[in-house]
Amino acid sequence: MASPIQAPPSPPQPRRSMFGPILLIALGVLFLLGTMGVLHWNHLGRWFAHYWPVILIFAGVVKLLEYQSAQRAGYRPRGLGAGTIFLLIVFVVIGLAATQAARFNWDAVRDNIDIDNGDFELFGHTYNYDDQLDQPFPGHASLRINSERGAINLSTSDDEHIHVVIHKRVSADTQQEADKANDSSKPQITSSDNVVTLNANTQGAGEHRVATDMDVSIPRKADVIIVAKHGNVNIMGRDGVVDLTSARGDISMSDVNGKVNLNLDHSSARVSQVTGDISVEGHANEVSFEDVKGSVRLNGEFMESIKIARVTGIVGFKSSRTDLEFANLKGDLDLDSGDLRASDITGPVRLITRSKDIRLDGVSGDVRVKDQNGTIELRMTKVGSVDLENRKGDIEVYLPEKAAFQLDARTRNGEVQSDFHEIKLDNANDTGVASGTVGSGGPRISINNEHGIIDIRKGSMTAETPEIPTPPKTPKTPKLNAPPEPTDN
């Protein structure tokens, strides 16, 4: 009887990979250390962003060892399945994203949206420190302040010293780290060539984020140079030049007897009571200037609005869209992206712009205005030479009732209207023409418009409003030698 045929022995089954269990154990240990406070989550994130390729190297070494072990055991090694390949692709994408996120300037993001370390614990805990500096300030020396992050308040000292009161905020994971960062980022005062330099030294803490607010007082007559990034600046009381460079901060300045130079980058400024010229350069948000005994000149791009009031000298503004200059401004100016309003202006006035509605009240002297895609309204108290040009917008001119002038006005696709009977009008064929001499003649008024009307009206510096009758008042006894009422300069 034939013996039964025995089935050939089945090949050994490939063993499961050890990479998965090893990776789970490693991740479990790391998370345990994180929850116990031995390691901090932001440190883990930084390590992963820099060293995640090590995990791929380790996985490759494990697979190589498993392949050699399978060859020696005589079975076919297990390959990479579709699921494993998909997970590797996802892991590589996450690793690359983490690396780019680590390289990103998150400080700039926090500054733009005003997130402080105390508001968002992901950036670490916040620890506060106070300090003081005090030393003699050399006569005739100037002060230079350098600050990367933090507010600066500059005032006048009662002696010949420089006094600095420091309020510091340090972002760190532990008190020990914060103390070390505080020690390495203490503000410093140095002197060289008649210049005293106050350095906030916030970068001395390395990767730790430090914000240092400084209250500084120095003799009133010292010139000041300030370079501030990411912080507000307040200056009160100076008898000298103020030169300020600011990025992403709010500037407040008053009671300055000297020239003021501002270089702004996405900052706002409010300046008042200055005896001296003011110069502004850069890209700014909202700016305001008032009570200036000198000139105000702005050159750059201003995103929100410009407000200027009571300037005895020249007012000038130049941007990619607007070129403006007044001889002086006894009233105020309000300018934003779509409107320009000014009152009580002395010419010569030059204004070239576009896409703005313009209203100039109480103008005396020569005027030249050029606009398009907006209206022009001009109200004069003393007539000078006038040259107005507009496209796609109406023009209204209000002149004193007894003014003497020569008029030449033309519009295409519009008409001309006048309250002065001496003016000859010809509105025909979509074209309006007005010309003539009023009174004894005088300054020449030239107006040209396209796709809009021209109105020449009798009026005063303010818009006419209906009079409201009021009950009679009991007359007061007149005062003898009463002084004249004060007026704004």
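The values are calculated or read from the model by the stated rules, or taken from the named source; none is laboratory data. Please read these numbers as outputs of a predicted model, since none were measured by experiment. Every residue, glycine as well, gets a Cβ built from its backbone with ideal geometry; the counts of neighbours run over all protein chains shown.
Hey, any hits in the stretch 374-396 for a residue that's assigned to a strand (DSSP E or B), buried (at least 19 other Cβ atoms within 10 Å of the Cβ), modelled with pLDDT of 95 or more and within 31 Å of the chain's Cα centre (by Cα)?
yes
Please state which of the following conditions residue 178 fails to meet, knowing it meets all the rest: (1) surrounded by 20 or more Cβ atoms within 10 Å (Cβ to Cβ); (2) within 24 Å of residue 240 (Cα to Cα); (3) of a type in the set (A, V, I, L, M, F, W, C).
With respect to (1) surrounded by 20 or more Cβ atoms within 10 Å (Cβ to Cβ); (2) within 24 Å of residue 240 (Cα to Cα); (3) of a type in the set (A, V, I, L, M, F, W, C), residue 178 is out only on (2).
Rundown of residues vs (1) under 23 Å from the mean Cα position of the chain (by Cα); (2) modelled with pLDDT of 80 or more; (3) under 30 Å from residue 190 (Cα atoms), yes/no style:
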{"position": "103", "(1), (2), (3)": "no, no, no"}
{"position": "108", "(1), (2), (3)": "yes, no, yes"}
{"position": "132", "(1), (2), (3)": "no, yes, yes"}
{"position": "139", "(1), (2), (3)": "no, yes, yes"}
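Looking at the structure I just gave you, is residue 190 polar (S, T, N, Q) and surrounded by 15 or more Cβ atoms within 10 Å (Cβ to Cβ)?
Spelling it out, it is not the case that residue 190 is polar (S, T, N, Q) and surrounded by 15 or more Cβ atoms within 10 Å (Cβ to Cβ).
Can you name the strands (runs of 3 or more DSSP E) wholly within the stretch 301-349 that have at least 2 residues being among the polar types (S, T, N, Q) and assigned by TED's automatic domain parsing to the domain that holds residue 383?
339-346
Can you tell me which residues in the stretch 271-286 are surrounded by 18 or more Cβ atoms within 10 Å (Cβ to Cβ) and modelled with pLDDT under 95?
Within the stretch 271-286, 282, 284 meet the criteria.
Which numbered condition in (1) surrounded by fewer than 23 Cβ atoms within 10 Å (Cβ to Cβ); (2) closer than 26 Å to residue 351 by Cα; (3) not small (Gly, Ala, Ser) is the only one that residue 230 fails?
Exception for residue 230: condition (2).
Kindly indicate the residue of the stretch 404-419 that is in a loop (DSSP other than H, G, I, E, B) and surrounded by fewer than 18 Cβ atoms within 10 Å (Cβ to Cβ) and also nearest to the chain's Cα centre (by Cα) among those meeting that condition.
413
State yes or no: is residue 323 of a type in the set (Asp, Glu) and at positive phi?
Answer is no for this residue.
Scan the stretch 362-373 and give yes if some residue there is farther than 30 Å from residue 425 by Cα and outside any strand (DSSP E or B), otherwise no.
Restricting attention to the stretch 362-373, the residues satisfying the condition of being farther than 30 Å from residue 425 by Cα are none.
The answer is no, given that none of the residues of the stretch 362-373 is farther than 30 Å from residue 425 by Cα and outside any strand (DSSP E or B).
So which residues in the stretch 416-449 are under 18 Å from residue 391 (Cα atoms) and of a type in the set (D, E, K, R), if there are any at all?
Across the stretch 416-449, the qualifying residue is only 430.
Restricting the search to the stretch 386-424, which residues are touching a His at 6+ places or on another chain (Cβ under 6 Å) and either in contact (Cβ under 8 Å) with a residue 60 or more places away in the chain or farther than 15 Å from residue 448 by Cβ (or both)?
Across the stretch 386-424, the qualifying residue is only 392.
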